[in-house]
Each structure stands twice: as C-alpha cells, then as structure tokens.
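A short reminder: the numbers here are calculations on the coordinates, not readings from a lab. Please read all numbers here as calculations on a predicted model, not as lab measurements. Please note: Cβ atoms are built from the backbone with ideal geometry, for glycine as well, and neighbour counts cover all protein chains shown.
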Amino acid sequence: MDAKKFTAGKDFSTSKGFPVGRTVIDLETADFGSKDFTEDNGVIKTVNQVTLMVAGKKETYNVPLSVMKKVQEAVEKRAAGVEVNRQGTTKTDTKYVTYVLDQAGKIIN
C-alpha cells in the first residue's frame, strides 16, 4: 500500500512507548487518557496513555497494562508517583520494572 493510503486517518504522533531507562510518573502532574488506534488488520485497539513534562516539553507515552496496574496501586496507597524502568526495545524483549514512590522519591513496599 502506498504511503498516502496507509497514513490516511491514522495518528502516529502519540504512538510511542516509554524510553529505555528510567521514567518517573508524577501522579500530581501526569495527564492520563486513552486513545483508539486502528491496527493494520482493521481492528480498533484502545491504548492507555500518559502525558508528562520531559525536558520542558510535553511527551505522550503509551502505557502497558502492567504499568497501569502499578499506577492504580500507587493511587490506592496515596503515593506521589511511579517509577518505570524499561529494558528492551522490541515487543519480544521489552520488560518493565515499576516501583511506587513516596513524596521523597523513595520506594514504597
């Protein structure tokens, strides 16, 4: 399929995952939402997203369910944030390690 047909009606600007390494979601300032994406086979998939301030500008990341579960746990514990550590760059080798953080940035068990 040519590029014009393939890109018609699709939004690629906010379809990225967390960068490799450490990202902290500050629950006070983070903006959560969801967005529908149409996959190549026509199936519509809803993806959770979070918008964070990174180096003075807004960045929107797709949030996997495992990380959303940790965000939910952080909210229940009245925590200040969630630390997300991404290892890997592809669907088959990516792993997320997450921690709930208190106001001082220390891990809450």
_Looking only at region 33-73, how many residues end up being over 25 Å from Tyr99 (Cα atoms) and either small (Gly, Ala, Ser) or loosely packed, with under 11 Cβ neighbours inside 10 Å (or both)?_
8
*From the list Tyr99, Tyr61, pick out the single residue that is among the aromatic types (Phe, Trp, Tyr) and under 13 Å from Phe32 (Cβ atoms).*
Tyr61
*Residue in region 74-109 that is surrounded by the fewest Cβ atoms within 10 Å (Cβ to Cβ), counting only those that are in a helix (DSSP H, G or I) and out of contact with any strand residue (DSSP E or B) (no Cβ under 6 Å at 6 or more places or on another chain)*: Glu76
_Members of region 62-103 found to be closer than 14 Å to Gly21 by Cα and either in contact with a Ser or Thr (Cβ under 9 Å, 6 or more places away or on another chain) or of a type in the set (A, V, I, L, M) (or both), listed by number_ = Val82, Glu83, Val84, Asn85, Arg86, Gln87, Gly88, Tyr96, Val97, Thr98
*So how many residues does region 12-32 have that are over 21 Å from Asp93 (Cα atoms), exposed (fewer than 12 other Cβ atoms within 10 Å of the Cβ) and not β-branched (Val, Ile, Thr)?*
4
*Taking region 22-32 as the search range and keeping residues that are within 13 Å of the chain's Cα centre (by Cα) and among the acidic types (Asp, Glu), which one is farthest from Thr98 (Cα to Cα)?*
Asp31
*Pairs only if they're at least six apart or on different chains, beta carbon under 7 angstrom, first in region 19-40 and in contact (Cβ under 8 Å) with a residue 12 or more places away in the chain and under 15 Å from Val63 (Cβ atoms), second assigned to a loop (DSSP other than H, G, I, E, B) and not hydrophobic (A, V, I, L, M, F, W, C); list them, first residue then second.*
Lys35/Thr14; Phe37/Ser15
